[in-house]
Amino acid sequence: DNLKQLLVQLKRRMDTQTEELLKAKKMVERLTKELESSKELIKTKDKTIEDTQKNYTKTAKDLIKARSNYTELESTICKLKSNLQHNTDSKEKDKTRIQELSEEVMKLVKRHRAEEEERITFLNELHQKLLSRHVTVHNKDRTINHTAWKDLAEVVHEQVSMLVELLQTSEKKLKASYNSVHEKQDIMTALKQEHAEQITKLTNSLRERETTWRQQRKDMEKHYYQILNDVQSRSKKTQVIADQAWEKVRASGSVQHGLESEVVELRRSLAESQVCVSSLLSACALLSGAVYPLYTRVMMLTSERHVLEGLYTTWENCRERALYLSCVLRSGKDSDQDKPERDRKFQRRMRPLLRFRVGVITVLAANRLLNLSCRSTKCFETYTTTVGDIGLSVSVG
């Protein structure tokens, strides 16, 4: 009874200690989960800071690219302006050249007109003189005095025809020159118009590009300004969350120290309880050592009972078979006595077969009995145990 009470008390203590240990384990698990959550928060904060830094570097790179593109566009604008200046200079040079060529053409035309007027005046005078038949010839021109009128007329006709041809050729040249000048003027006007259209297109495209670049620059500045504000707000939020997590970690650290002290105390109590359990186990082992021979005795008796039951069943079977054989033999004899004489001839013919069967059955029964008697020489055996009691065991064969 004392041992039972001690065992019950120890079991209760063990249950309470196990419950306390489970509670402590749950507290430790909860604290570890909180620590892991705080670590995850710190990791997320670090990740967000890294992401913000990456975004900041990306934005800085984008700004540098935009500035480089802006400088390239400014350089292209300067090049286009220089090309426009060069085109304007070449245009002015072409204008001056055209003016010089037109002045030269006008000079040539004036010259040609003066020569034509001189020739026309000379011919008119000559024609008037010929009509008046009053030709004054100087004394110096002996060739004219000696020449005849026919020769002189032929010479004049030849000269007049030559002058007419010269006039026609000069008119053709003038027409060709006028046509070339008009064509050049048309070409120049077309070139001027094309140049003006190109200049207007370039100026319009440059203005549109400047407006689009300015708009893009403003949009990019607004976008990156918003991104920077978002990053700063996120960094502030993450800083606040990290501070809260750090405070929680500190608080959990103090709680952890208290729990560690409780765990140490629980471990001490657990060691004491383990010592008590070991002593109880030793007592139980002693009790089981005292109970084990009785248990083995009971098991041996049960095995002997099973063996005896088997032998009893086998003996019952043998008895039933012997009774059956005796009944069969008696029935054969009775049938032989009760049969009429008309069937005796047939039974006499069958009698050797019946005799053979009966003999075989008797031989088999005798052999089985002999075998059983040879094998089961000892049925019961006695022995003494370590305690001093006398035991009885059943053995077959």
## Note on the structure
re segment 37-77: pairs of Cα atoms spaced beyond 12 Å account for a percent value of 67 percent
#### Entry: segment 64-72 - phi-based ³J(HN,Hα) in whole Hz, Karplus 6.51/-1.76/1.60, Gly and Pro as x
5, 5, 5, 5, 5, 5, 5, 5, 4
### Query
Mind listing P(r) for segment 259-320? All alpha-carbon pairs, 5 Å bins, whole percents.
5, 14, 9, 10, 8, 8, 8, 7, 6, 6, 5, 4, 3, 3, 2, 1, 0
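Just so you know, all these numbers are worked out from the coordinates, no wet-lab data involved. Everything numeric in this text was worked out from a predicted model, so none of it was measured.
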